[in-house]
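The structure appears below as structure tokens.
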2 protein chains.
Amino acid sequence: MADESSPPDWVRALKPAGPQGSEILKQERAASNVNVDQLTSFLFGKEALDRKRDVLKILQGEPIFEKSQDYFEGRFEKFERALGRAKKLRQLTVKHNWSQEESRVANDLISEPLPYGLHEGMYLKTLRDQGTPEQHEKFLKPAEAYQHIGCYAQTELGHGSNVRGLETLAIWNKEDQTFTIHSPHLTSSKWWIGSLGKTANHASVMAQLIIDGKPYGPHPFVVQIRDLKTHKLLPNVYAGDIGPKFGYNTMDNGFLLFNKVKIPHGNMLARYSAVDPKTNKYIKPSSPTLVYGTLTWVRSTIVLQSGSVLARGVTIATRYLAVRRQFQDRDAPEWQKGENQTLNYTMVQIRLLPLLATCFALHYTGKGMMALYEANQKKMSASKRSVGQEQTIRGAGPEETQSGSDLLADLHGTSCGLKSLCSHTAVEGLEMCRRAMGGHGYSAFSGVGHWFLDYAPTATWEGDNYMLTQQVARYLLKSARTVLKGNEPNNDTTEILAYYLKRQDVGAAFDILGKDEDIVAAYAWRSAYFTFEALKQRDELKQSWNSLLVQFWKLSRAHSQYLVVKNFYETIHSNEISQELDPETLALQHKLFRLYSLYTLESESSEFFTSSACTVAQIRLARTRAVMQLLEEIRPHAIRLVDSWDFPDWQLNSSLGRYDGKVYEDMFYRASELNPLNKVMADPYPDSAVLFKGRENPQLKGKL
Amino acid sequence: MADESSPPDWVRALKPAGPQGSEILKQERAASNVNVDQLTSFLFGKEALDRKRDVLKILQGEPIFEKSQDYFEGRFEKFERALGRAKKLRQLTVKHNWSQEESRVANDLISEPLPYGLHEGMYLKTLRDQGTPEQHEKFLKPAEAYQHIGCYAQTELGHGSNVRGLETLAIWNKEDQTFTIHSPHLTSSKWWIGSLGKTANHASVMAQLIIDGKPYGPHPFVVQIRDLKTHKLLPNVYAGDIGPKFGYNTMDNGFLLFNKVKIPHGNMLARYSAVDPKTNKYIKPSSPTLVYGTLTWVRSTIVLQSGSVLARGVTIATRYLAVRRQFQDRDAPEWQKGENQTLNYTMVQIRLLPLLATCFALHYTGKGMMALYEANQKKMSASKRSVGQEQTIRGAGPEETQSGSDLLADLHGTSCGLKSLCSHTAVEGLEMCRRAMGGHGYSAFSGVGHWFLDYAPTATWEGDNYMLTQQVARYLLKSARTVLKGNEPNNDTTEILAYYLKRQDVGAAFDILGKDEDIVAAYAWRSAYFTFEALKQRDELKQSWNSLLVQFWKLSRAHSQYLVVKNFYETIHSNEISQELDPETLALQHKLFRLYSLYTLESESSEFFTSSACTVAQIRLARTRAVMQLLEEIRPHAIRLVDSWDFPDWQLNSSLGRYDGKVYEDMFYRASELNPLNKVMADPYPDSAVLFKGRENPQLKGKL
């Protein structure tokens, strides 16, 4: 039955044609003076790097985390193994008494969604945030001990973004002081719920609270769904895995239906709102202000991670395209003939190096976003703001609900816009990296394809990237109205709007090619211009909201790009960076700033024209001179720059992105020695009903 | 062991919340007067539609083509089943005496790459085109009888685009009049070769011909690689499957190495060039002109298919987004409150309806491209042009090799540019469709994800989409030089260049919003402007080729978009269409033309400004008025327009794209009843080494 599974000696003796990938990467590293360690420390901090090394060592010691078969497995085996990994990870966490941060690092290194993910990420968090002390005792404790394994059941088959449209009911029974949890329609089936499909025995269910026939909107209820011993579904509960997906197949996203399941009064998470069992009345949250807290934190995390997410693809592509050689440079003199590294072609550089710059831009923006979030948390707890339900802001609630404090509104607008822009940029960028690698980018062994597939839903969850832009527009319109009223600017947004108003009759004259601060100012100008344009459409011309959605989306992008450029600018002009990086390494950061912002400016050039933030001539020069020159200047440092993102090979699991450049050796090894398909022999003839010799497939029996 | 595999009665009784998807699609169809049958006939021809019905019926009668488990399978099972399908398809082809066209239709309906694909597509074709009559007897006959199953082994681990860099050697041994086929390095391993991994027993191997130590470039050699009886690899041959990929996992793309394998003189395919065994001299092809033939045909096919490829995603997304309802229109009056179809939101329309228009644009362009190809073939055979090797034009050969006849050069330039643009557009568009569907778009049951993954390599093969743009630029530069010399225009390209030259001092004044022919003219103007810009850089300013690659890529896109707009324009102004379509249906085609061309114009607006093909005001009006109005006008007809692409549900294999709108029912059915993961029960606790109850997994044993 064995076919060609193990290579004969004459194959083992073969080497790639020279120069070897390993030599090429050595030369690349020798030719640049970027201080990798310094830059890595600046990006992540020394402490985090040490933590990563320690955790990595422990993971590498466990056979279940060995990744060599990951790319070969089907959905079923993928999930089974992932469940094993989740268990082992939990065991290690207990054994080594890992902090939350250490667990996060372990998850990062393992790099696949695991079945306890939503238990840890959302079930525990919901209980903590929304449970009373008694509920902590009853639900949180066993959940922290993994006796209860839970999930967060919000989205339904028929409703995602519009949380207020959820169909699942929680009907208050005053007779016996219980709630009846019920799914009235097929579309009310919970759907996409991570950790629910096979793993969870509890769910935090978002359901429409009904008292005396009157609806009070979605609230969270803890419902046990499977037996703690047998793991069988409880009566009148129907749940399972929703099936294979584009990616994320190591997670058991599930469905869940209830047929009039009764739960006690104490299962409604009651920290903020509740039903008074004596009066049968609804107890409102102490403050009607929406919580921006949790979701803002989740979005800020997405922004923070987007740089590294993208850097992973950029690291792989940059290393491979330095090793890959193809064609001669047609203008090279005869004596220099020999194949050129593909990374030397400008058509490759223009796809890859702006993305490399983008990694830094997103990372610094994420750090800025986190700092803003934390500053806000401090002020919040100082002013003891109360919190309530958060669900409505996932989608686009009415304009009027946005009347929280200015601080919150700013944080909310910023996090929505940046989540949308940064996750979109990372998704698109990863696919760009994969394609830039040509044929081999399509192999699973490139390591980019599956990463893209697993990351892709980030563009949809925690606020769909298109939907969110309405929140940003709403915030900007509101800010513009304040400025128009003559109120003093009280944050950066109102400042750039006020500046624009003051200057609009004089016009802009930004020296984008000469001064970095003018680049930032040009982005600010464009954002302000389109804000007032949109405001005019809405308030003066009374255009319908629906007719303005495309404008709002563009406006959100414009404003968020301004925020990214501003964060990058501020980072490279900070005291911190000039203390931590040597002048050459810092100078290169400065070039990356210019590459990101001028390349993006050129890509969006029509908006910069239209708003008169730049002239046509400036854009042309940016395109034909500045960007091309920056590519040339950054190119020699590309390998060291990606090295500074510090991805261990174990994490990348990529033939093409290997640190040592042994690209072809690894491709060949995986194909010839790890591939299960090479352990069987086919019968190739059309008239034979045998497919693989010596193997019967009951699924296909009698069908040929 | 069974978990929740089959839904209980109370679940079976559930229906989606109303209005039902089936009602919605009925209403949609009732509200439009597009004549679907007429339009379908116009797109594909009556004959082709009948053929499709007949073939579909036969396929549906064969259990092996039943698709319900396709999305659940892993690589191994996917391939095994695909081999079974390939065999059955071959059996049916023989049984029903299917023509090539009927087989193609069957493949389309099955919609997955099958293991005989490259035997049929490339091995047979290479033998036919490049074999002598004796070789036809010896190799083609048994191959046509499926005794030999072959593949086309060109690409190597180290070389793809640069065919002249192939490393595999074919050394002529004058002593015994044989060739030694040899792989000197690991990188010379053949790689990506479809049908090779498990299926083929023969290969047509492209190898560097060496005579007396002197290289003569790559030539095709037939080499047997596996035993015809045992299917074992022959001595000194090492081959296998290259492993899992982003998509295309039903195909056994393979690797192949040779250790000094001797083959007879007669195994070099010798129709055009050969080694004279008497003189030991190389016999050159009768004409050094490159073959544009085969590859041009392949590229034209890609252009032709791109419309349907994209239409498949657009069909699914349009139907689903009409059924999907989410949020209320915030400006709707109170009495109209109720959730809005997502297809009514302009942010959804702007993503989907221009793509719908694009399907028609690409389809008409493909038909135009095919007509051009066929006209050329006629002229070619009339003038008895001889043909030779084709390999060099896959990549970017030197400028000088482009000196074929003008006719060929035009065909070549057009097919390269359109292949690049149209396949890129389809790849991007499919992913756009998937994302527009939000969460459910991520489910395998959407049917779009796997289709995107399988189609994605089209952007790389038959000329990488970026590489090809150099060919287009080269052709345009050459044409521009001719025009500058004062030669009379002899084709459309030289005509638009000459027109631009004549008018450039007067400037353009195209009424793009008023006259359709002016839209075409504006696209032509932009293409000509950037052609002369590039020419100046290259010829006057002596810029290096490498430094111009990005400009060339943009130039190719500009010119190819002109071709698409022109083809669309010509189609809707043809006699044929006005005879076949009723006035309303035709009027809608006209709107689709305007939507495609104005939307694209706006997306590329900076190039239209820069070239002065349009004014800033025109672009602004196109964006804010014309495009938005067209969306509104086309929206009511969206369902009927996608119906006209005539995809049977069996082909789409999509819950979301069902013709009857039963989206949620089908999602639920597949998840709950077809999903193998729901046939097992997990043990969820971290301290238990059991993963699925009652199942032992030897792979994971001892690892927990």
Exercise for the section: Could you work out the mean count of beta carbons from other protein chains within 10 Å of each residue's beta carbon in B:189-199? Expected result: 4
Practice task
Express in whole angstrom the spacing between the alpha-carbon centres of region A:535-577 and region A:95-146.
Solution key: 36
Completion exercise
Checked against the positive end of the charge dipole of the protein assembly as shown (+1 on Cβ of Lys and Arg, -1 on Cβ of Asp and Glu, about the Cα centre), the farthest of B:Ala200, B:Thr493, B:Cys151 is B:Ala200
Problem - region B:522-584 - Rg (one decimal) and Dmax (whole number), Cα, Å - result: 17.3, 55
Fill in the blank from the handout: The farthest towards the positive end of the charge dipole of region A:573-704, of the residues A:Asn653, A:Leu677, A:Ser578, given +1 on Cβ of Lys and Arg and -1 on Cβ of Asp and Glu, is A:Leu677
Exercise for the section: Report the charge-dipole magnitude of region B:538-610 in Debye, nearest 20, computed about the Cα centre from +1 at each Lys and Arg Cβ and -1 at each Asp and Glu Cβ. Expected result: 400
Exercise for the section: Ignore the peptide's own chain and count Cβ atoms of other chains within 10 Å of each Cβ in A:610-618; give me the average, rounded. Expected result: 1
Problem - Sequence-distant residues sharing a close amide H with B:Ala207 (under 5 Å, placed H) - result: B:His219, B:Phe221
Practice task
Report ³J(HN,Hα) in whole Hz for each residue of region A:17-24, in order, from the Karplus equation J = 6.51 cos²θ - 1.76 cosθ + 1.60 where θ = phi - 60°; Gly and Pro get x.
Solution key: 4, x, x, 5, x, 5, 5, 4
Handout entry: C-alpha center-to-center spacing [region B:208-250, region B:589-613] in angstrom
Key = 48
Problem - Among A:631-640, B:550-559, the order from most to least packed when residues are scored by Cβ within 10 Å on average - result: B:550-559, A:631-640
Completion exercise
Non-local residues with an amide H under 5 Å from the amide H of B:Met681, with H modelled 1.01 Å from N and Pro and chain starts lacking one, are B:Lys693
Completion exercise
Once the in-chain neighbours fewer than 8 apart are removed, the lysines whose Cα is under 19 Å from B:Lys591 read B:Lys515, B:Lys566
Practice task
Report the semi-axes of the equivalent ellipsoid for region B:163-267 in whole Å, largest first, where each axis is √(5λ) for an eigenvalue λ of the Cα gyration tensor.
Solution key: 25, 16, 10
Exercise for the section: Partner chain Cβ atoms within 10 Å, averaged over the residues of A:620-628 - can you pull that number for me? Expected result: 2
Completion exercise
With the 8 Å Cα cutoff and a minimum separation of six or more residues, chain A has a relative contact order in percent of 18
Fill in the blank from the handout: Amide H contacts under 5 Å for B:Asn173, restricted to residues at least 5 apart in sequence or on another chain and with H modeled in the peptide plane, are B:Thr178, B:Phe179, B:Thr180
Problem - Vicinal HN-Hα couplings computed from phi for region A:310-316 (Karplus, 6.51 cos²θ - 1.76 cosθ + 1.60; Hz; Gly/Pro x) - result: 5, 4, 4, x, 5, 4, 4
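Calculate the dipole size of chain A relative to its Cα centre from +1 charges on Lys and Arg beta carbons and -1 charges on Asp and Glu beta carbons; express the result in debye to the nearest 20.
Dipole of chain A, to the nearest 20 debye: 1480 debye.
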Exercise for the section: Would you give the gap between the C-alpha center of region B:633-704 and the C-alpha center of region A:155-199, rounded to a whole Å? Expected result: 20
Completion exercise
The pairs in A:Lys260/B:Lys15; A:Lys245/B:Lys87; A:Lys198/A:Lys260; A:Lys214/A:Lys262; B:Lys138/B:Lys284 lying past 25 Å Cα-Cα in this model are A:Lys245/B:Lys87
Problem - Residue-by-residue Karplus 3J(HN,Hα) for region A:67-75, coefficients 6.51, -1.76, 1.60, Hz, glycine and proline x - result: 9, 4, 9, 3, 6, 8, 7, x, 3
Handout entry: Across the identical copies, how the B:Gly217 labels are spaced - nm, sorted shortest first, 7 Å along Cα→Cβ
Key = 7.4
Exercise for the section: Tell me the Kirkwood hydrodynamic radius of chain A in angstroms, computed as one over the mean inverse distance between distinct C-alpha pairs. Expected result: 28.0
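Determine, for A:Ile572, A:Ile149, the number of other Cβ atoms within 10 Å of each Cβ, and report the residues in order from fewest to most.
Ordered by Cβ neighbours within 10 Å, fewest first: A:Ile572, A:Ile149.
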Completion exercise
When all Cα-Cα pair distances of the protein assembly as shown are considered, the percent exceeding 55 Å is 21
Practice task
Could you compute the FRET efficiency for B:His96 and B:Glu580, with r as their C-beta to C-beta distance and R0 at 35 Å, rounded to 0.05?
Solution key: 0.70
Handout entry: Cα centre as origin, Lys/Arg/Asp/Glu Cβ charges: the protein assembly as shown dipole, Debye
Key = 1220
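We did not get these values from a lab; they are worked out from the coordinates using the rules stated. Quick caveat, the model's predicted, so the values are computed rather than measured. Positions of Cβ are backbone-derived with ideal geometry, glycine not excepted, and every protein chain shown enters the neighbour counts.
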